[in-house]
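None of the figures in this text is laboratory data; all of them are computed from the coordinates on show. Bear in mind the structure is a predicted one, so any value in this text is a computation, not a measurement. Reconstructed Cβ throughout: ideal geometry from the backbone, glycine too, with neighbour counts over all protein chains shown.
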Amino acid sequence: MAVKDEVLKLLEENRDVFLSGEKIAEDLKVSRNAVWKAIKDLQKKGYPIEAVNNKGYALSKESDILSVQGIEKYLEDANKDFQVEVYKEVESTNTLVYKAAGMGAGEGYLVVSESQTKGKGRKGKSFFSPEDSGVYFSLLLRPENYTKEEAPMLTTMAAVAMCDAIDRIAENQVKIKWVNDLFSEGKKISGILTEASVGLEDDSMTFVVVGIGTNVYFPKEGFPEEVKDVAGALFKERKEDVKNRLVAYFVNAFMKYYRGKDREGYTAKYREKSLVLGQEIDVLKGTERIGARAIDIDENCGLLVRYPDGTEEVLNSGEISIRFKEGR
């Protein structure tokens, strides 16, 4: 680990506490000059590190900047061995992880970025991913006990895990719009994109990439015209160390569902968090919009709908729209 990474780890573990250059150098067994250079490098990269004569260095408690060290300190022991990478900007975290998976990266490879230039949404749509307002990350899985038919479960697990994570850091009432969008106060704040590679011989899943984009704050320049009426954010003002916690809390919650395949636990929570149950909706099939009522969510998180003629159908994929404003 580079000196600057070790220095940042120490500062993350002691947020808002001043550590002298001498103390840091002693703990890391490096020279004070090496510590000084590391501090300068971190400051250039945007880390809000205060330097005060006769007190030392401290990472501002109010800062909310992503870092490997900041995420790792919140990971539970079962996930401490995950390979975490943090970037200022990437084209797409899903694209990076998908490529790494093809080159043999192991389960638990996690790529996090502060912005994306080509963020990916479902069905080829783009996902608006500006700098300094959201957090965008993708997690690599190599399922051994999941069939191809169970792949949609991973998306619903991710939705519930993200609700769990948000519930720990915000007072927002977060709801899930089937199947993969999270809403708060009638606005979309988070989207999930799951991509899988399936073996040609036995249809087994060789790997799965679970990608999530979340609007933590409102963009400085506002949302683009095409999404400004539907997009929202978790907070109106900056908060203390939210982004690192959000990523780690998601990973901790998701991996418990994933490893245990606790269907009863997460499907019950999926129902509880549902934005659509009992509502009049339109089922989108190609260019056709078919009116229906959302009745229930089954054990695989399929959406049971009832059409006006009384017939029922379980939707395991696809899209719906709610007929009146979400969250009303």
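Before moving on, here are some points about what is shown:
- A straight chain from residue 240 to residue 54 at 0.36 nm per residue would run longer than the Cα-Cα distance by 64.4 nm.
- Cβ-Cβ FRET estimate between residue 148 and residue 220, R0 fixed at 25 Å, reported to 0.05: 0.05
- Share of Cα-Cα pairs in segment 280-322 lying beyond 16 Å, as whole percent: 27
- Positive minus negative residues near residue 7 (Lys, Arg vs Asp, Glu; Cβ under 10 Å): -2
- Top positive-direction residue, dipole computed over segment 280-322 with Cβ charges, set 294, 322, 305: 322
- In this simple spin-label approximation, residue 288 and residue 300 carry label points 7 Å from Cα along the Cα→Cβ vector, and these lie 2.2 nm apart.
- Gyration tensor verdict on segment 75-196 (Cα atoms; rounded if a/c is under 1.5, prolate if a/b is larger than b/c, oblate otherwise): rounded
- Working from label points 7 Å from Cα in the Cα-to-Cβ sense, the residue 61 to residue 87 distance is 3.5 nm.
- Tail fraction, Cα-Cα pairs, segment 3-59, threshold 19 Å, whole percent: 11
- Cα centre as origin, Lys/Arg/Asp/Glu Cβ charges: the chain dipole, Debye: 840
- The length gained on full extension between residue 41 and residue 132, counted as 0.36 nm times the residue separation minus their Cα-Cα distance, comes to 30.8 nm.
- Amide H contacts of residue 194 (H built 1.01 Å from N, under 5 Å, at least 5 apart or other chain): 211
- Here the Karplus relation 6.51 cos²θ - 1.76 cosθ + 1.60, evaluated at θ = phi - 60°, turns the backbone of segment 81-96 into coupling constants of 8, 5, 8, 10, 10, 10, 10, 6, 8, 9, 5, 7, 5, 4, 4, 4 Hz, with x for every Gly and Pro.
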